[in-house]
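Below you'll find the structure, written out as structure tokens, and then a few comments.
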């Protein structure tokens with residue numbers, strides 16, 4: 001359920017917060033460049049606070065003289081280790097709001113970025129993204145983790161304002177990395193009145209919608225393109241620029257470190273560009289609305305089979321998948337997998353499936369885990385009812401370049417790793433070629449072959465998600481012609497002259 005559902009909150013014009021889904025993370029991230037644009041109100045000083053944190057890191061690195069054994073360097077290391085800010089329910093750990101946070105590898109890379117900056121005579125940067133570009137960039141999830149930790153005090157007071165306005169109950173709770181202390185160069189935890197996430201019994205922290213993106217504003221690819229389009233011929237020659245689209249992360253980091261002036265100009269260029277948050281209303285990648293839309297699937301299509309014993313577990317999973325297929329193919333559910341004429345990404349199909357089947361699983365005491373780690377990689381869905389009754393469902397688009405690897409190699413390996421005998425490989429087709437009968441046969445044959453070779457039971461299923469004509473516009477020309485002929489014959493018969501003799 002969403003925050004607003006749990007706390008029964010009617011939103012008003014003052015409510016600009018993202019209505020987060022509390023049982024699991026939403027794949028959106030806080031981008032510091034969007035916070036930079038705040039010039040008035042609660043967030044006016046937030047970006048400067050963010051940069052002050054890195055000024056503290058700069059001072060420690062300068063004191064250390066680059067010696068990684070020094071106390072100052074070690075203190076900087078501690079400050080750059082960011083735990084997962086689970087309170088926000090944002091990120092990529094979709095099974096729950098708990099993720100890994102920014103690990104020691106990225107911590108070391110950030111320090112190297114600071115070391116490069118201090119070596120260039122810098123005492124402060126205008127944007128923290130400069131440091132990430134010096135080390136080749138980092139994923140938007142890590143950038144978000146850092147931002148949420150450093151600015152957590154801002155987000156806490158923002159959440160408290162929302163809670164007080166709506167009379168949402170709060171309770172005192174400990175918050176990790178609640179604030180940081182520039183005098184003693186350390187993180188401080190604190191106890192704050194905050195709403196509680198009932199799914200994990202831990203605090204919830206809200207963020208404005210306008211700070212959320214899927215891809216960061218400043219990226220190594222963006223820097224590379226900017227440098228290529230604006231740099232002098234001399235610079236291009238010095239760096240042996242490769243105009244190819246795929247340049248290594250190391251090469252992009254080298255460009256940044258050797259040309260900090262280009263990095264500064266790139267970031268200044270981004271300041272002047274329009275920066276848009278993720279379009280939540282449109283939700284083109286279905287990272288937000290999947291919950292409500294999938295629930296509507298279940299309401300429209302009650303499950304055709306209800307298990308009455310553990311032996312009927314397999315039939316239950318088949319019925320769940322069949323219900324999803326029926327919604328997509330026969331009840332206009334395909335429309336949810338398309339956006340403005342473009343087929344959505346694989347994640348959208350998976351999200352819809354997860355939400356729709358959650359309803360069925362809860363009603364039958366069956367556990368559904370999304371993105372479970374199956375030893376050799378992530379499985380899309382794992383169903384279980386006790387140890388002996390378990391099944392894996394892998395869902396892929398036919399257009400996926402690794403589609404056949406999925407059914408021929410990945411699916412059986414996942415089942416071996418998870419010690420699960422039953423598996424379903426569900427393929428989603430968007431075009432005539434994807435949904436051709438020969439493709440369906442090939443998927444079924446591949447599943448049968450792998451089942452025979454692996455000793456695991458795997459079923460292949462193809463779901464037709466092509467756009468379909470409305471029932472009101474359907475026309476069967478053959479039947480129409482037959483009806484026309486029968487009507488004509490009937491009319492001719494009625495007009496024959498009667499013989500009264």
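The values are calculated or read from the model by the stated rules, or taken from the named source; none is laboratory data. The model shown is predicted, which means the values in this text are computed figures rather than measured ones. Cβ: placed from backbone, ideal geometry, glycine included. Neighbour counts: every protein chain shown.
If you go through the range 162-176 and pick out every residue that is more than 20 Å from residue 42 (Cβ to Cβ), in a strand (DSSP E or B) and in contact with a helix residue (DSSP H, G or I) (Cβ under 9 Å, 6 or more places away or on another chain), you end up with 1.
Scan (1) over 16 Å from the mean Cα position of the chain (by Cα); (2) closer than 20 Å to residue 213 by Cα; (3) assigned to a loop (DSSP other than H, G, I, E, B) for the single condition residue 13 breaks and write down its number. In the conditions (1) over 16 Å from the mean Cα position of the chain (by Cα); (2) closer than 20 Å to residue 213 by Cα; (3) assigned to a loop (DSSP other than H, G, I, E, B), residue 13 misses (2) alone.
For the range 419-444, what are the residues that are farther than 22 Å from residue 344 by Cα and at pLDDT 90 or above?
Just the residues of the range 419-444 that are farther than 22 Å from residue 344 by Cα, to begin with: 419-423, 437-438, 441-442, 444.
If the condition is that a residue be farther than 22 Å from residue 344 by Cα and at pLDDT 90 or above, then 437, 438, 441, 442, 444 are the ones that fit.
Here residue 87 passes the criteria (1) assigned to a helix (DSSP H, G or I); (2) surrounded by fewer than 19 Cβ atoms within 10 Å (Cβ to Cβ) except the one numbered (2).
Does at least one position in the range 294-306 carry a residue that is in contact with a strand residue (DSSP E or B) (Cβ under 9 Å, 6 or more places away or on another chain) and crowded, with 16+ Cβ neighbours inside 10 Å? Don't jump to the end; show me each part of the working.
Keep residues of the range 294-306 that are in contact with a strand residue (DSSP E or B) (Cβ under 9 Å, 6 or more places away or on another chain), which gives none.
No, every residue in the range 294-306 fails to be in contact with a strand residue (DSSP E or B) (Cβ under 9 Å, 6 or more places away or on another chain) and crowded, with 16+ Cβ neighbours inside 10 Å.
Of all residues in the range 273-297, those satisfying the criterion of being assigned to a loop (DSSP other than H, G, I, E, B) and under 18 Å from residue 91 (Cβ atoms) are 277, 278, 280, 283, 285, 286, 287, 288.
Residues in the range 136-161 that are surrounded by fewer than 18 Cβ atoms within 10 Å (Cβ to Cβ) and not in a loop (DSSP other than H, G, I, E, B): 157, 161.
Give the residues of the range 184-228 that are free of Cβ contacts under 8 Å to residues at least 24 places away in the same chain and in contact with a strand residue (DSSP E or B) (Cβ under 7 Å, 6 or more places away or on another chain), sorted by residue number.
Going residue by residue through the range 184-228, those that are free of Cβ contacts under 8 Å to residues at least 24 places away in the same chain are 184, 188-191, 201, 225, 228.
Listed by number, the residues that qualify are 188, 189, 190, 191.
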